[in-house]
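Asker: To start, I am sharing the structure in question, which I have written as structure tokens.
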Amino acid sequence: MSFVARQGHEFGRIRRFFHRKRDVEHGSRLTAPMSGTIVAVMVQAGDVVDKGAPLVVLEAMKMEHAIVAPVAGRVGAVHFAVGDRVVEGADVVDLDDAPANSQGSTR
């Protein structure tokens, strides 16, 4: 469990959802672990993120689940916005390989 602050909200307890590293070795699409509603988007296309950085928060079954970066990389695309409904398995974020000269995250 982790705590993440959303704009206009106090810190809330969320579950982190990690994709398996072997699924994202060289760029990948991160998918929704279950159907729900996007309640926070912390990144945008082009952002460089570190391993474990929260990317999107999905609310499902009265709990919040953070989709986090399983490896360091650059966000290629974010396919949903706050308030959008997603189905299980939907592509939520594209995560590309980090550029060789990147230092840390932009978020």
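Asker: Working carefully through the options Met42, Met61, find the one that is modelled with pLDDT under 90 and either hydrophobic (A, V, I, L, M, F, W, C) or at negative phi (or both). Outline the logic, then answer.
Answerer: Working: Met42 fails: modelled with pLDDT under 90.
Just a single option satisfies the conditions, and that option is Met61.
Asker: Additional query: Report every pair of residues separated by at least 6 positions or lying on different chains whose Cβ atoms are under 8 Å apart, first residue within segment 39-60 and touching a residue at least 24 places away in the same chain (Cβ under 8 Å) and farther than 18 Å from Asp97 by Cβ, second in a strand (DSSP E or B) and hydroxyl-bearing (Ser, Thr, Tyr).
Answerer: Partner pairs satisfying both residue conditions: Pro54/Ser2; Leu58/Thr37; Ala60/Thr37.
Listed here are the residues, each with its yes/no results for (1) under 18 Å from Gly83 (Cβ atoms); (2) part of a loop (DSSP other than H, G, I, E, B); (3) hydrophobic (A, V, I, L, M, F, W, C).
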residue	(1), (2), (3)
Arg29	no, no, no
Val39	yes, no, yes
Ala45	no, yes, yes
Lys51	no, yes, no
Val56	yes, no, yes
Glu59	yes, no, no
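Asker: Quick check on Val82: is it at pLDDT 95 or above, under 13 Å from the mean Cα position of the chain (by Cα) and in a strand (DSSP E or B)?
Answerer: no
Asker: Quick one: count up the residues across segment 57-81 that are under 11 Å from Leu95 (Cβ atoms), buried (at least 18 other Cβ atoms within 10 Å of the Cβ) and not charged (D, E, K, R).
Answerer: 8
The values are calculated or read from the model by the stated rules, or taken from the named source; none is laboratory data. Remember, it's a predicted structure, so these values are computed and weren't measured experimentally. Cβ coordinates were reconstructed from backbone atoms using ideal geometry, including for glycine residues, and neighbour counts include every protein chain displayed.
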